[in-house]
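Working notes for the structure below.
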Amino acid sequence: MITVTEQSHHKLKTVDIAYIGLFSSLMMVGANITSFVPFMTVGGVPITLQTFFAILAGLILGSRKGALACTVYMCIGLAGAPVFARFGGGFGQILSPTFGFIITFIVAAFVAGLIVERSGTKKSYILAAFIATAINYLLGTNWMYFAYKLWASAPEDFSYRLAWLWMIPPLPKDIILAIFAGIFAYRLQKTLKIMPIQ
């Protein structure tokens, strides 16, 4: 049975909604950053910031609200708004081989937030960012592989190895951004004297 105190604890405040909306918006911008900053394309591979903002949402907002921010972003895109990568949107995006990454943003944010809620050291923040990045790669890449094998038109000679080879170009960027996200979120919490929002 949920008590009045627990109900108040789980009730979203205006400031919480504002933070959730902010990070949902950052996810939208991060998905198409190369459209606004063309030089952020390396070797033909666009450098998106979705993973970075998803992890940052978890580190700053905490597990529950961080995951909710990413869920709101996903729902807005599925509703038809062009907020996914390459300005994609609509329910049909769920059949895209890369849709798994959008789902894992929710998981990554939740896990990152859960870790720093339990330990607020700088090491924990950076570790949380790395674990969240690994989750995003592991679940997203496997979703992409099985999507190509089961319902999408797989490229010629497509294999599990090739799926992972595709993930090598953005890996250095995501490693650097994971470190930055951990340090930035930790310093922000220390400066503002706040803990992750439960």
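Where a number appears in this text, it was derived from the coordinates with a stated rule and is not lab data. From a predicted model like this one, the values you see are computed outputs, not experimental measurements. Glycine also receives a Cβ, built like all others from the backbone with ideal geometry; neighbour counts cover every protein chain displayed.
I'm spelling it out carefully: the read-out is log10 I(q)/I(0) by the Debye sum over Cα atoms at q = 0.08, 0.11, 0.13 Å⁻¹, the candidates are (i) -0.30, -0.54, -0.73; (ii) -0.24, -0.46, -0.65; (iii) -0.27, -0.51, -0.70, and one was derived from this structure. Which label?
The calculated read-out lines up with (iii).
Restricting to lysines 8 or more places apart or on different chains, can you count the pairs in the chain with Cα atoms under 24 Å from each other?
Close lysine pairs found across the chain: 15.
Using a 10 Å cut-off around each Cβ, can you sort MET167, MET27, MET144 from fewest to most neighbouring Cβ atoms?
MET167, MET144, MET27
Can you run phi through the Karplus equation (6.51, -1.76, 1.60; θ = phi - 60°) for the range 153-160 and list ³J(HN,Hα) in whole Hz, with x for Gly and Pro?
Running phi through 6.51 cos²θ - 1.76 cosθ + 1.60 with θ = phi - 60° gives 7, 6, x, 4, 6, 5, 8, 4 Hz.
If one computes P(r) from the Cα atoms of the range 93-151, what percent of pairs lie at distances over 19 Å?
Value for the range 93-151 (Cα pairs over 19 Å): 36 percent.
Would you calculate the separation in nanometres between label points at CYS75 and PHE146, each defined as 7 Å from the Cα along the Cα-to-beta-carbon direction?
Result for the modelled spin labels: 2.5 nm.
Alpha carbon centre of the range 129-198 versus the range 70-108: separation in Å?
15 Å
So for ASP157, ASP174, ASP16, fewest C-beta neighbours within 10 Å to most, what's the order?
ASP157, ASP16, ASP174
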